[in-house]
Amino acid sequence: MSRVGPMKTTAARTALRDAGRVLRTALTDAARALRGDLGAQGRDPLPPMRGPRWLRRLPHVVVVWVAVVLGVAHGDHLVGGYSMAPPNAVPLAVALVGAVVLAMFRPVAGWWLSMAVTALGAEFGKTYGFGPDGPWPWPLTGMLAHALVLLLLTLRVRTRAAVEALVLSVLLGLAAEMMSGDHPHTSSVPLSAVVFTVAVVLGSALRGMREARGRLVEQEVLTAEERTRRTVLEERSRIARELHDVVAHHMSVISIQAQVAPHLVQDPPDELRENLAGIRQNALDALTELRRVLGVLRSENPEAAETTPHAPLPTLARLDALVENARAAGLTVRCATTGEVRPLPPGVELSAYRIVQEALSNAIRHAPGTAVRIELAHTAPGLRVKVVNAAPLAPAPPSPGAGHGLLGMRERAAMLGGDLAAGPTPGGGYEVTALLPTEQPT
C-alpha cells in the first residue's frame with residue numbers, strides 16, 4: 001500500500017510534464033504561424049479599380065479622404081472627450097491617418113501601427129481621464145479607422161491572417177478594458193468586436209469575388225486559346241482531306257497510265273514491261289498507305305471513311321459559279337484576271353478558290369450589299385489573289401460563326417510557302433491579299 005501513492009504521484013507528474021510539453025509545442029507552433037502571417041511583409045499595394053484611367057485610383061482617393069476625416073474627428077474627440085493635451089492628441093490623430101494610408105500599400109505594417117495608436121490612446125486616456133459616457137477603450141472614430149485598416153488588410157492577406165488580426169484586435173480591447181481601473185466608462189469592446197468582424201467578413205467576401213473574377217478571366221483566356229487551337233486543327237484537317245483527294249487522284253492516274261503504257265508500244269521489251277509494272281505497283285502501294293493514313297480525316301468514325309462520298313474538289317474554273325452565288329446573296333462582284341494565264345498546281349488552284357470563297361463569305365456576313373472586287377494576277381513568283389470589299393452600307397447583324405476564317409486562309413497560304421495579309425482599308429472596307437507560289441524551291 002505504501003508504494004501505490006508514490007506510483008500515482010509519478011504518473012501524475014509524467015502526465016503533467018507531457019501535457020506541458022504538448023502545450024509548449026502548440027504555443028510555439030502558434031507563435032511561429034502568427035509571426036509568419038502578421039510578421040514583416042513586403043509591399044502589397046491596393047489594386048486599382050477597372051475602368052477609365054480617371055476611375056482607376058478612385059478607391060485610393062476615397063480611402064485617403066475618409067482617413068483624414070476620421071483623423072480630424074479622432075483628434076477632436078481625444079482633446080474634448082478624454083481631456084487629452086493637444087501635444088499628445090495631435091500625434092495620435094496623425095498616426096491614425098498614417099496607419100490607414102499605410103495599409104493601402106503595406107497592410108500588415110498599417111495594422112500594427114493602428115494597434116499601437118489604439119494602445120497609446122487607451123493609456124493616455126486612462127491617465128487624463130474620460131467621461132462616464134465615453135466609449136472605452138475604442139472611441140468611435142478610432143474604432144471605424146481600425147475597422148477600415150482591417151478591411152484593407154483582409155483584401156490582401158489570407159483568411160487565416162485576417163482572423164488572427166481580428167482576434168488580436170479584440171484581445172487588445174479586452175486588455176485595455178481590464179486595465180481601465182476604477183474610471184467609470186461605457187465599454188466599447190462588444191461593439192468593436194461586431195464592427196471588426198463585419199469588416200473582416202466583408203473584406204474576405206470582396207477578396208473572394210476578386211479572386212473568382214481573376215480565375216474566370218484566366219479561364220476565358222484559356223478557353224479562347226483552346227477554341228483558336230481547335231479551329232486551326234479543324235482547318236488543317238479539312239486541308240489535309242482535300243490534299244488527300246488531290247494526291248490520291250494523281251496516284252490513281254499514275255497507276256492507270258503505267259498499266260496502259262505497254263499497250264501503246266508495239267512489242268515492248270520485257271525491261272519496259274517490268275519497269276512500268278513496278279511503277280504501277282508502287283503507285284498502288286503508295287495510294288493504299290495514303291488512304292490508310294489520311295482517309296480517317298474524312299470522318300470522325302474511321303470505319304466510315306471509305307463509305308464517305310467523294311465530291312470533286314473545286315478549282316478556279318468554278319469561280320464563276322461562286323461569284324454568281326455571291327451576287328445572288330446581294331453583293332456586287334467584279335472579277336479581273338491579269339498576266340499570262342497558265343496551268344496551276346492543284347494545291348494552288350484549291351487554295352485560291354477557298355481563299356476567295358472565305359473572303360466572299362466574310363463580305364456577306366460583315367458587309368452585306370456592298371461591292372466586292374476580285375483580282376487574280378498570274379505573276380512569275382506565283383498567283384496573287386486579292387479580294388477587296390467596300391465599306392458596309394449598314395451595320396451587319398451579329399454573325400453566328402466562330403470568327404476564325406482568317407486562320408484557315410493563312411494556313412492554306414503557309415502550306416504552299418506563301419503569305420496572306422488581311423486588314424481594313426482607308427475607306428472603311430476590308431482587303432485580303434494572298435501570294436501563292438507556283439514553283440517549289442529546290
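What follows draws every value from the coordinates through simple rules; no lab data is involved. Predicted model, so just to flag it, every value in this text is computed and none were measured.
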Rounded to whole Hz and in sequence order, give me ³J(HN,Hα) for region 17-22 from the Karplus expression 6.51 cos²θ - 1.76 cosθ + 1.60, θ = phi - 60°, writing x for Gly and Pro.
5, 5, 5, x, 5, 4
How big is the gap, in Å, between the Cα center of region 88-106 and the Cα center of region 146-162?
16 Å
Hydrodynamic radius of region 79-178 per Kirkwood, over alpha carbon pairs, in Å
13.7 Å
Using Cα centres only, tell me the gap between region 324-339 and region 188-225 in whole Å.
57 Å
Enumerate the calculated ³J(HN,Hα) couplings along region 423-433 in order (Karplus 6.51 cos²θ - 1.76 cosθ + 1.60, θ = phi - 60°), each rounded to whole Hz, writing x wherever the residue is Gly or Pro.
x, x, 9, x, x, x, x, 8, 9, 10, 10
So what is the relative contact order for region 140-227, in percent, with contacts set as C-alpha pairs under 8 Å and at least six apart?
43 percent
